[in-house]
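Undergrad: Here it is: the structure, laid out below.
We did not get these values from a lab; they are worked out from the coordinates using the rules stated. Because the structure is predicted, anything quoted here is derived from the model rather than measured. With ideal geometry, Cβ positions are generated from the backbone for all residues, glycine too; neighbour counts draw on all protein chains shown.
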Amino acid sequence: MTDSKAPSGSINQTTQATADDGRFDFPENIYRVTGGNGGENYLIVGTEKTALYDAGMPFNGEKLVRNIKAVLGDRPLDYCLVTHSHFDHAGGVPYLRQAWPDLEVVGSEYAAYVFTRESALRRMKELAEVSSAAFGGEDACAVTVDGLAITKPVQDGETISLGEETIVCMEAKGHTKCSMMFALEPQHYLFACESTGVMSGIGENEPAILTSYEDAMAASARGRAYQANRIFSPHYGIAPADYIDGYWDAFENAANDERAFIESMYAEGLSEAQMLERFTQRYWSEERGQEQSYEAFSVNALATFHLYAPQEA
């Protein structure tokens, strides 16, 4: 591959950029270094420091490291910005820390807590191994949670200097209690998180609300108010320059449609198994299956159902 923004080991950028209307056509000094299916990773090369947005799947960890080194050469990776504690966004952290021992892993204080819980780490490893079997391929590396940690917990509004550039950490609960967005200044770019869903095309969004509808809507309102020059979406790439308010509209419309659909199933008196079957028929697809195992999809679906369960009088 000749494009410096798509080092060897990343998804074929030439094919996908044409098919997906520039979703990987990043601005200067931002590179797609994704190691494979299951997550997107964006490298920000600042004037003095460097930062990686999310760490991807653990079984892509070695390829992710190679892709970053292909861009940075001898320059170190200084920060990894973890949007939340799920394995497809933080799983590569152990490999990054092996490659760059001085790396600071940035995330919320709650994410730091999650990674101290043996039960959470055990569940992450189980789900990651299922995904590795589905997506990892012959060159997948072993799944490990050894070294999975937030080394630099941050609070809402805290900043990180990359030299002339600054990362602003923004709390954005809704997908998880630990979710964060990150803004890059002075470019005024926003690196979104799954609390406001996953862009899947113009006007299309896959909601991922697992902990609070109200929190997710607050995260959307905050993202909209920021009025970013560009929006980077998890699991997708970069949205078109003229797609700013439309990004938030698509999420809010999709979230409200999902909520109404789930509430209608409860109104019918369907069992949880029947609800999952109908939800799968509506939301599961072959394309989604290229990025997420059905086990992870069903776990998330059940969590979303519980948000809208009728309250007992």
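Undergrad: For a 20 Å ceiling on Cα separation, which of these pairs sit above it: K152/K177; K125/K173; K49/K69?
TA: Values: K152/K177 17 Å; K125/K173 23 Å; K49/K69 14 Å.
Going by Cα-Cα distance, K125/K173 fall outside the 20 Å limit.
Undergrad: Considering only the other residues whose Cβ falls under 14 Å of the Cβ of T47, what net charge follows from Lys and Arg at +1 and Asp and Glu at -1? Kindly include the intermediate steps, with their values, before the conclusion.
TA: Values: positive: K49, R75; negative: E28, E48, D78, E164, E165, E185.
So the surrounding residues net to -4.
Undergrad: What is the fewest-to-most order of V33, V143 by other Cβ atoms lying within 10 Å of their Cβ? Write out the running numbers ahead of the final one.
TA: On the way: V33 27, V143 23.
Fewest-to-most Cβ neighbours within 10 Å comes out as V143, V33.
Undergrad: Where in the chain are the helices, taken as whole DSSP H runs, whose Cα atoms extend 15 angstrom or more along the long axis and whose Kyte-Doolittle mean reaches at least 0.0?
TA: Values: long enough: 61-72 (16 Å, 0.22); 118-131 (20 Å, -0.55); 213-226 (20 Å, -0.64); 245-268 (35 Å, -0.82); 272-283 (16 Å, -1.23); 294-307 (20 Å, 0.70).
Helix filter hits for the chain: 61-72, 294-307.
Undergrad: Taking 7 Å along the Cα-to-C-beta vector as the label spot, tell me the E277-D21 distance in nanometres, rounded to one decimal.
TA: Those two pseudo-labels are separated by 3.7 nm.
Undergrad: May I pose another question? Taking the Cα centre of the chain as the origin and placing charges on Cβ (Lys, Arg +1; Asp, Glu -1), which of S293, A51, M199 is farthest toward the positive end of the dipole?
TA: The listed residue farthest towards the positive side: A51.
Undergrad: Once the Cβ-Cβ distance between E118 and D242 is put in as r, and R0 is 45 Å, what FRET efficiency do you end up with, to the nearest 0.05? Before the final figure, lay out the partial values.
TA: Values: r = 47 Å, r/R0 = 1.04.
For E118 and D242, the calculated efficiency is 0.45.
Undergrad: Which of A120, P153, P101 sits farthest toward the positive end of the charge dipole of the chain, with +1 on the Cβ of Lys and Arg and -1 on the Cβ of Asp and Glu?
TA: P101
Undergrad: While we're on this one: Using label points projected 7 Å from each Cα along Cα→Cβ, tell me how many nm separate Y266 and A303, to one decimal.
TA: The modelled label-to-label distance comes out at 1.8 nm.
Undergrad: With just the Cα atoms defining each centre, how far is segment 186-245 from segment 72-128? Give it in Å.
TA: Taking the Cα centre of segment 72-128 as reference, the centre of segment 186-245 is 22 Å away.
Undergrad: Rg to Rh ratio, the chain, alpha-carbon atoms and Kirkwood radius? List each step's numbers first, then the result.
TA: On the way: Rg = 18.6 Å, Rh = 19.6 Å.
Taking Rh as the inverse mean 1/r over Cα pairs, Rg/Rh reads 0.95.
Undergrad: Next question. Hey, could you pull the Cα Rg and Dmax for segment 128-260, both in Å?
TA: Gyration radius and largest Cα-Cα distance of segment 128-260: 16.2, 46 Å.
Undergrad: A further question follows. Per 0.36 nm of contour for each residue apart, how much would the distance between E286 and E204 grow if the chain were fully extended, relative to their Cα-Cα spacing?
TA: Details: separation 82, 0.36 × 82 = 29.52 nm, distance 1.63 nm.
Length gained, E286 through E204: 27.9 nm.
Undergrad: Given a cut-off of under 8 Å on Cα pairs at least six residues apart, what relative contact order in percent is computed for the chain?
TA: Working: 627 pairs, mean separation 44.2, N = 313.
Once divided by the residue count of the chain, the mean separation gives 14 percent.
Undergrad: Which value in deg cm²/dmol, rounded to the nearest 500, describes the helix-derived mean residue ellipticity at 222 nm for the chain, given -39,500 (n - 2.57) per DSSP H run of n ≥ 4 and division by the residue count? The partial results should precede the final answer.
TA: Details: 10 runs with 114 residues, N = 313.
The helix-only estimate for the chain comes to -11000 deg cm²/dmol at 222 nm.
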